[in-house]
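Values in this text are rule-based calculations from the coordinates and carry no lab data. Small disclaimer: the values here were computed from a predicted structure and weren't measured. Note that each Cβ is placed from the backbone with ideal geometry, even for glycine, and that neighbours are counted across all protein chains shown.
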Amino acid sequence: MSNRHTISFTCPACRQAFTMTKWTNISPNDDPAIRKHVMTGDLFHHTCPHCGNRMMIAYNCLYQDRQKKFAVSLQADRNQPAVTPLLPGYQMRLEHTLLSFVERIRILDAGLDDMAFELYRIVVLTQVRRQHPERSVTSLRFDAVEGDMIFLQASQTEQVKLPLSSYQNIAEKVKKSGFHPKVSGYLTIHSKWVQQSGILDVLKKQ
């Protein structure tokens, strides 16, 4: 069930206070329309009524999809406890930035194995840098899966479009490896996690 309440927020531009809606629990199953607002980041987009300053405001909250069995907790304020109830049978992920929070939801909502995707991201990024050193690509963000294609965002204006099978090949190797991270509770998955998890050693033995 989605839960929200109204809080007072001070605009960093004009220093005037205004009220905004803060969500603590977000459930697309109860309110399907909210899913799109999370995916686009609009749920966290606010405009100061005093000076018109437009801003993204991140705060601790939990996105829980009961149908697809995953939960992503955003701990934007590390001084406050994350909204992370244990949910048996769920894929449970923890993120600390709004950008990674939204991306993680996009990845899991698309039905991708996010551990395999992080491996895939490293492979594609290495290839892009090798083939196009002049572009100075520093990161790739998951955008969408459409048909048999996967789209990654290299910048605000540039997309990388690849066959979905290129991801599926890596996902199949991860599945066959039988690798399962030794963790109870929420997991933060990124490139550093891939390097430290032991999954690369497992795949080398295949």
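For the pair LYS176 and HIS96, label points projected 7 Å from Cα toward Cβ lie 3.6 nm apart.
For ALA82, the amide hydrogen comes within under 5 Å of no other amide hydrogen, counting only partners 5 or more places away or on other chains and with H modelled in the peptide plane.
Between THR126 and THR21, the contour length at 0.36 nm per residue exceeds the alpha carbon distance by 33.7 nm.
Summary value for segment 51-206: 18 percent relative contact order, contacts being C-alpha pairs under 8 angstrom separated by 6+ residues. Applying the Karplus relation 6.51 cos²θ - 1.76 cosθ + 1.60 with θ = phi - 60° to segment 136-141 yields 3J(HN,Hα) values of 6, 6, 9, 7, 10, 10 Hz, where x marks Gly and Pro. Which residue, chosen from MET149, MET92, VAL128, occupies the Cα position most advanced towards the positive end of the dipole of segment 68-192, where the dipole is computed from +1 (Lys, Arg) and -1 (Asp, Glu) charges on Cβ about the Cα centre? The one lying farthest along the dipole's positive direction is MET92. Evaluating 6.51 cos²θ - 1.76 cosθ + 1.60 at θ = phi - 60° for every residue in segment 188-195, the Karplus couplings come out as 9, 10, 8, 4, 5, 4, 4, 5 Hz, glycine and proline recorded as x.
Under 5 Å between amide hydrogens, built in the peptide plane, is the criterion, and for PHE70 it picks out ASP65, GLN91 among residues at least 5 positions away or on other chains.
Computed from phi, the 3J(HN,Hα) profile of segment 12-28 under the Karplus parametrisation 6.51, -1.76, 1.60 (θ = phi - 60°) reads x, 8, 10, 6, 9, 8, 8, 9, 9, 8, 10, 9, 9, 10, 10, 10, x Hz, with x in place of Gly and Pro. Of all lysines in the structure, those lying under 27 Å Cα to Cα from LYS192, and not within fewer than 8 positions of it along the same chain, are LYS68, LYS69, LYS161, LYS173, LYS175, LYS176, LYS182, LYS204, LYS205. Qualifying trypsin sites (Lys or Arg not before Pro) in segment 34-65, where qualification requires a DSSP coil assignment and no more than 16 other C-beta atoms within 10 Å, are lacking entirely. Counting only Cβ charges, +1 for Lys and Arg and -1 for Asp and Glu, the dipole size of segment 38-114 around its Cα centre is about 100 debye. Among (1) 16.6; (2) 18.7; (3) 17.5, which is the computed Kirkwood radius over Cα pairs in Å? Evaluating Kirkwood radius over Cα pairs in Å on these atoms matches (2).
For segment 1-126, averaging the sequence separation of C-alpha pairs within contact (under 8 Å, six or more residues apart) and dividing by the residue count gives a relative contact order of 17 percent. Rounded to the nearest 0.05, what FRET efficiency do THR157 and ILE57 give with R0 = 25 Å and r taken as the Cβ-Cβ distance? Could you check? According to the calculation, E is roughly 0.50. Based on DSSP H segments of at least four residues, each scored -39500 (n - 2.57), the chain has a per-residue ellipticity at 222 nm of -9500 deg cm²/dmol. Here is the short version for the chain: CYS61 have no other Cys C-beta closer than 4.7 Å.
Note: relative contact order over segment 59-103, using C-alpha pairs below 8 Å and six or more positions apart, is 38 percent.
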